[in-house]
1. When only residues in the stretch 671-726 that are closer than 19 Å to Gly255 by Cα, among the polar types (S, T, N, Q) and at pLDDT 95 or above count, which is surrounded by the most Cβ atoms within 10 Å (Cβ to Cβ)?
2. Could you tell me which residue of the stretch 717-751 is nearest to Met684 (Cα to Cα), considering only residues that are touching a residue at least 60 places away in the same chain (Cβ under 8 Å) and of a type in the set (S, T, N, Q)?
3. What number goes with the only condition from (1) more than 16 Å from Glu399 (Cβ to Cβ); (2) loosely packed, with under 14 Cβ neighbours inside 10 Å that Asp466 does not pass?
4. Does Ser492 satisfy the criteria of being hydroxyl-bearing (Ser, Thr, Tyr) and buried (at least 22 other Cβ atoms within 10 Å of the Cβ)?
5. I'm trying to understand the selection: among the residues of the stretch 719-751, which are closer than 27 Å to Asp691 by Cα, in contact with a strand residue (DSSP E or B) (Cβ under 7 Å, 6 or more places away or on another chain) and of a type in the set (S, T, N, Q)?
6. In the set Glu161, Glu193, which member is over 28 Å from the mean Cα position of the chain (by Cα) and either modelled with pLDDT of 95 or more or closer than 17 Å to Ala236 by Cβ (or both)?
7. Against the definition (under 22 Å from the mean Cα position of the chain (by Cα), within 30 Å of Pro264 (Cβ to Cβ) and not in a strand (DSSP E or B)), how does Pro640 come out, yes or no?
8. How many residues, within the stretch 77-116, are in contact with a Phe, Trp or Tyr (Cβ under 9 Å, 6 or more places away or on another chain) and in a strand (DSSP E or B)?
Amino acid sequence: MRHALFACTGLLALAACAPSTDTAQTPPSAPVDPAALSIADVYGSVSLSGATPRGLRFSPDGERVTFLRPKDDDRTVTDLWAMNLSDGQAYMLVDSSVLAPDERDLSEAEIQYRERARISTSGVVSYDWDETGEAILVPLDGDVFYVDVDTGEAERLMQTEAFETDARVSPDGQYVSFIRDQNLWVHNLETGEERALTTEGAGAISWGVAEFVAQEEMQRYTGYWWSPDGRYVAAARIDETPVEIVPRFGITAEGVTVTDQRYPRAGTDNVLIELHVIDVASGQRTQVDLGSETDIYLARVNWSADSGTLYAQRQNRAQTVLDILAADPMTGETETVLTEQSGAWINLTNDFTALEDGGFLWTSERTGFRHIYHVSAEGEARALTSGEWVVEYFAGLSEDGETVYFEGWMTSPLERHLYAVPFDGGEPVQITQGEGRWNVSLGQGGTGFIGSYSDPDTLPQTALYDMSGERVAWIEENAIGEDHPYAPFLESHLTPEFGTVLADDGETELYWSMLKPEHCTAANPCPAIVQVYGGPHVQTVAKGWVGPRDQLFADQGYILFKLDNRGSWNRGHAFEAALHDRMGGVEVRDQLTGLDYLESLDFVDSDRIGLWGWSYGGYMTLMTTLQAPGRFDAAVSGAPVTDWALYDTHYTERYMDTPQANEDGYFEGSAFAHLDGYETPTLMIHGMADDNVTFDHSTRLYAELQQRGELFEMMTYPGQRHGVRPPPLQRHLWTSIFDFFDRELSEDDEN
């Protein structure tokens, strides 16, 4: 459960109440504006935010930049593009509609992977460079294509009924590795020979894949790792036999499928996991010693620069201890080189970076804020950064090894920038400019970076920069000219206001943002909608481009208010850990503090305030309205967790321990404990094939409310999982949401 879930969803009303999908009803307070956005505009086939490339990477030879870009006329399909750094010219390298004009249906494993990775497009959705910079590997149509970057010619390496996944080029360029039928395979690029490195994968046994919680909660999407010299592959073996089978009903318009999903609910058994090193030439396997305790998580796997050591990050079941084990790939013997411990939990990262000196760079929250450390070969840690601010992630190292680059929130908790800090110590220097959010990808050796920048008034822009922060060439300027899809609506664009309120402890600052239509005044107060997520690893209030959906609320006549409560991201570990063992408590109190502030504003109609959220936000919508009956006048809850005992192990136990060890916390943290407070008119929405927050979270709540005789509205989406993806359904979703709020928050309904 993460931020991406929040970004793609909303809530709905009964289908019988839904008006035309071209526009929602206009609240009485909203003026007619020809530049106003409609739902059809926002959720059409063209992205109003313009072309937003993703998957940006430098080629290994440093001559090109490659990226995925949606088609101009269909934002749901992406192609592979490249830009030559010599002339700055961008061109399409792989047209997905040409390479696979009739792309076959995805396998269930691929569907689940894309759901976990929050990939909502089709076409080319991933790619992998070979180490020479001469070719790119493109998984498409269930098989794998090998594309010559100079000629654009594509060779289909395999054409089988099986669906090949997680394909990569070996570091020495000799093989393409991939998963087929739960086993790890290699394809020799010179001879075309294919060979299975494992053969035991079947049923509950899989090799080289990431289990459900690894993908969904650890953001580990692979189960195998090449050594830098190409000699070895480390591969995970997972045995799902102990994991509870939860029958999942995939209810679609055409019928019902039943999937026996291995879903480890909180307090139940996880997979059994092993780590092996495979000598690719001989096929010989060596098991890595992960210790005698088998109830563990394999969090991350990395190799040393010289391929002589395999590093495995082992996390205990409670997620309070993380050990970095150094393994001999020839014997599998291990020793612990670093241990992180926390009284709450350890947050995972991808920041481990092996160095030539035998040590590694690492980030840790041991001081309460994430910072960068150099860990020597002997395991001694030296801090490179410090202070009451957060390093987001380690970005790269200069070629001479003297400068470390990172992204972080040093300037402000609302702005993310690229910084440089001397390896031997010193103050960080900010490289990027502006008052917004950056995402960067460094070239090898820190010779330059690809930077994507946005702020509340600047659509995402992507360019190539030198290491001083000077722009070298645009990759996607995304300027709003007369042909830009957002141009017709620019006149109604509003800039959000930002501010803080104090939490109920009288000390903790809580950041908020507000989008206020110009016609909202003390003489003409407007209805307001509070948008909430509220859970860990998400930040909703920041100075970045949020997309046209926020503007849609304003154009429909609503003030849109957001507040990041304690428990949310990028404010330090203590701020996040405030919800430890008691989800649905401190977050609710903070949201009510935000509501108090909102109601104090004379341009807000305090009798017409709604609340909505999705996933954790759907949970927060329920928990807030149930614990504070009458404070909100309408609520929309999408795909909510209703009982943490129904959610998965790694996420839930990280914050709540097990149901057996924290019975009171699980009870008080469930919606069912507070149903006596059901008063707020509520619309509940859920995808009927949701494999993350399974549909029974909502159906159990529906049944209990019906048993109590309570009235509520609901909307279900046949065939949809945790996010409602297709544009026609998104239009239906948001038409229903606005219809519900317009009815419940109309001036005619005021008491």
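The values are calculated or read from the model by the stated rules, or taken from the named source; none is laboratory data. A quick note: this is a predicted structure, and the numbers were derived from the prediction, not measured. No Cβ is skipped: glycine too gets one built from the backbone with ideal geometry, and neighbour counts run over all protein chains shown.
1. Thr716
2. In this case the residue turns out to be Ser736.
3. Condition not satisfied by Asp466: (1).
4. no
5. Gln720, Ser736
6. Of the residues listed, the single one that is over 28 Å from the mean Cα position of the chain (by Cα) and either modelled with pLDDT of 95 or more or closer than 17 Å to Ala236 by Cβ (or both) is Glu193.
7. yes
8. 10
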